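Scroll down for the structure; my scribbles are underneath it.
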Amino acid sequence: MVREADIDRIVSTMSLEEKARFLVGVGLPGWFGNPHSRVPGAAGETHPIERLSIPTIVLADGPAGLRINPIREGDERRFHATAFPVAVMLASTWNRDILEAVGRAIGEEAREYGVDIILAPAMNIHRNPLCGRSFEYYSEDPILTGEMAAAFVKGIQSQGVGACLKHFAANDQETNRMIIDTIVSERALREIHLRGFEIAVKKSKPWVVMSAYNKLNGVYCSQNRWLLTEVLRREWGFDGFVVSDWYAGDDPVEQMKAGNDLIMPGKAYQIDSKRGDEVEEIVRAVRDGRLSLEILDRNVRNILRVIVDSPSFRGYRYSDMPNLDEHTNIAYEAGAEGVILLKNDGALPIRLDARVAVFGTGQIETVKGGTGSGDTHPRYVVSIIDGLRGSGLLIDEELAEVYRRYVACMRGRDEYLVRMGLLAGSAAPSLPQDFLSEEEVEKIADRNSVAVFVLSRISGEGYDRKLEKGDFYLSDDERSLLERISRAFHRSGGKVVVVLNIGSPIEVVSWRDLVDGILLVWQAGQETGRIVADTLIGRINPSGKLPVTFPIDYDDVPSWSFPGEPKDNPQKVVYEEGIYVGYRYYDTFGVDPAYEFGYGLSYTRFEYRGLELERIGEAIKIAFEVENVGGYPGKEVAQVYVKAPKGRIDKPFQELKGFHKTRLLKPGEVERVELELDLRSLASFDGWGWLLDKGEYEVRVGSSSRDIRLIGRFTIEEERRYNP
Ligand code: BGC
């Protein structure tokens, strides 16, 4: 084991140039003449110090799976990694065990492919539904975000590789992400935008944290000493290293001083001559007294402490053969628990003897996840049509063939590629949906009893989504096809089900009355088709709940300032909504959502009873029972909200403070749920510290934020204060 004394010894033998090099990555692998990474497709590597037997370590992306190149020059083998459901879908499970299992699987794949650190989880807050990377982030709620991330990190790190929380912090949009100045109050930061990171740092001890691109109240996150040193290290006790996001910030010396230990990917001068070479600049700054050696040594130590635990340092002999078959099951199970049933007027589950017509090109070009660094390269993607074919349902093959030909012809590519799903996940523009006439749809309705319409959306790094038809709204052709389907199937007594294959909310209110069922399947990774089919036929009973509000319309969204000012080229975005993000806003200001936070139907029903509250020292113990009173086995996400008394500062109407997902309960089965809330977790940030107001607190237990089943109360006699 390498001890602190050994680390001191290593640092003491390093020259200034060696230290500076060690603090900067080797350059973007494969670009600008840099050699390919040891693991092709990985995002970055550190400099080795051969003289001291310190190897490079390899950092590769997530969070939906390990992102490396599947194909290597001159190598016949394939290096695929599992595509898991996207983060927003993992959060929809509300199941820590699942997050941990997915983390373990990704950790094993990383280790077996020679990767030391996975650049995941991504934990920014769903501040606005148009953020292009929302699919990579968990939730609009910081508690759910933090709990999901902590479990995921635990899973990853149990495999002997490191996790990296990103993007720290308040990087909630893609528009001008590298320069945007996020202006946000300390209260909103502490309660909303930092809270998830705080939970994950304290609960799961991540090896690495990635500072974000944006400025935070005027200072780049990667150059922000308050954020990286005061809050992250001093207050929360983080003891790993901080890495910059790729090409973030504009001053390597300020990054060093702020506590941004590692600059990635390195060699920025190759893309921007004005910025210079970070290594030379760091050496120069130490020589002319602008940067102290103590700071350099501190940062080197932070990185070294992590490296000595890495597989590369330990000389781990990786196999290049992770257990992809086993991980297929984990990807399936995770998706199975993240599917959310938004609407069901007797349409679902579909009987196995029903005849089913599948509409929408998303049945073939099924979107497994978003684009950019959060993409993955799995062995295959099960499209929705193939999933349905494997389910035993009677699919209208004539219609399926029409779609197959249409997609193949419109894409102008080899049909084989399309069918193999090789287009899935690419950001190819969506195809016009409205190519079936009224008469054709009527004929299809005559020979089928159920219509399934797949609506897909894709987005990703670098761009925000658009407040336009075809993105946030249905396109005209999607709408007209849906109307046609609705008319024809309802005339013949059939049912219409929409499958939403999307990464973040779209507008639903203007069309939901046209259909009998809506299944939100997000972007469920490589097993999407199987997951959709099994849910439609009831082999999976939906148990996912919304980690983000679906607003009635965009005008209701409280983050009016998104994506900042001036509108044509935003430089600054002011978080005017403060702490009133997501349901905290809708509930407090009486705005009805389309589907509220925590919402999700099931094929069965659950009853809640017997709420007991007990004060035990500095915690409140909460206990109650959940019974499956319907006819299907199912799981329920029991949510605990707390309404704090109006004290000296404003409070949201209620806030999520705890949750529990039951085991699979058979009809008639009961589970007793017990959880404990720390009093400190109920406090609000008032500018100086965390304040727990005195007065009566309401504990609200329910099946969603607006379906509260049990209420209990307790009193705090004396106001309390906690240090940050
Ligand atoms: C993204 C990060 C990613 C990094 C390395 C950046 O552009 O913002 O999330 O980890 O690239 O690929």
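The values are calculated or read from the model by the stated rules, or taken from the named source; none is laboratory data. What you see is a predicted model, and the numbers here were worked out from it, not measured in a lab. Please note: Cβ atoms are built from the backbone with ideal geometry, for glycine as well, and neighbour counts cover all protein chains shown. Note: areas computed on protein heavy atoms with side chains; ligands, DNA, RNA excluded. Shrake-Rupley method; radii C 1.70, N 1.55, O 1.52, S 1.80 Å.
Side notes on the structure shown:
- Among residues of the stretch 127-147 being in a helix (DSSP H, G or I) and open to solvent by 10 Å² or more (accessible area, probe 1.4 Å), the one that is farthest from the ligand (Cβ to nearest atom) is Ile143.
- Verdict on Phe84 being aromatic (Phe, Trp, Tyr), open to solvent by less than 10 Å² (accessible area, probe 1.4 Å) and either touching a Leu at 6+ places or on another chain (Cβ under 6 Å) or within 16 Å of the ligand (Cβ to nearest atom) (or both): no
- Residues satisfying the stated conditions in the stretch 107-126, i.e. out of contact with any Phe, Trp or Tyr (no Cβ under 8 Å at 6 or more places or on another chain) and outside any loop (DSSP other than H, G, I, E, B): Gly107, Glu108, Glu109, Ala110, Ile118, Leu119
- For Glu100, the conditions (1) farther than 30 Å from Ile579 by Cα; (2) surrounded by fewer than 24 Cβ atoms within 10 Å (Cβ to Cβ) all hold with the exception of (1).
- Residue, farthest from the ligand (Cβ to nearest atom), within the stretch 110-126, restricted to residues that are more than 18 Å from Trp246 (Cα to Cα) and either in contact with a Pro (Cβ under 6 Å, 6 or more places away or on another chain) or assigned by TED's automatic domain parsing to the domain that holds Trp522 (or both): Glu112
- The listed residue being exposed (fewer than 15 other Cβ atoms within 10 Å of the Cβ), at pLDDT 95 or above and outside the structural domain of Thr145 (by TED's automatic domain parsing), out of Glu625, Glu674, Glu655: Glu674
- Among the residues of the stretch 429-467, those that are within 16 Å of the ligand (Cβ to nearest atom) and either of a type outside the set (D, E, K, R) or open to solvent by less than 30 Å² (accessible area, probe 1.4 Å) (or both) comprise Ser459, Gly460, Gly462, Tyr463, Asp464.
- Taken as a whole, the structure places Arg709 among residues that are outside the structural domain of Ile199 (by TED's automatic domain parsing) and in a strand (DSSP E or B).
- Residue within the stretch 34-41 that is within 16 Å of the ligand (Cβ to nearest atom), free of Cβ contacts under 8 Å to residues at least 12 places away in the same chain and of a type outside the set (Ser, Thr, Tyr) present: yes
- Of all residues in the stretch 682-702, those being within 30 Å of Gly634 (Cβ to Cβ) and either open to solvent by 10 Å² or more (accessible area, probe 1.4 Å) or modelled with pLDDT under 95 (or both) number 2.
- Near pairs, Cβ below 6 angstrom, 6+ apart or cross-chain, from the stretch 702-716 (of a type in the set (Gly, Ala, Ser)) to any residue that is crowded, with 18+ Cβ neighbours inside 10 Å and not in a strand (DSSP E or B): Ser704/Glu596; Ser704/Gly598; Ser704/Tyr599; Ser705/Tyr583; Ser705/Glu596; Ser705/Phe597; Ser705/Gly598
- When Glu636, Glu618 are screened for being closer than 23 Å to Gly146 by Cβ and over 25 Å from the mean Cα position of the chain (by Cα), only Glu618 passes.
- Some residue of the stretch 8-22 being within 14 Å of the ligand (Cβ to nearest atom) and surrounded by 20 or more Cβ atoms within 10 Å (Cβ to Cβ): no
- If only residues of the stretch 542-575 that are under 23 Å from the mean Cα position of the chain (by Cα), farther than 14 Å from Val521 by Cβ and among the polar types (S, T, N, Q) are counted, the one that is surrounded by the most Cβ atoms within 10 Å (Cβ to Cβ) is Thr549.
- The condition of being within 16 Å of the ligand (Cβ to nearest atom) and either free of Cβ contacts under 8 Å to residues at least 60 places away in the same chain or not charged (D, E, K, R) (or both) holds for only one of Gly390, Gly370, Gly412, Gly360, that being Gly370.
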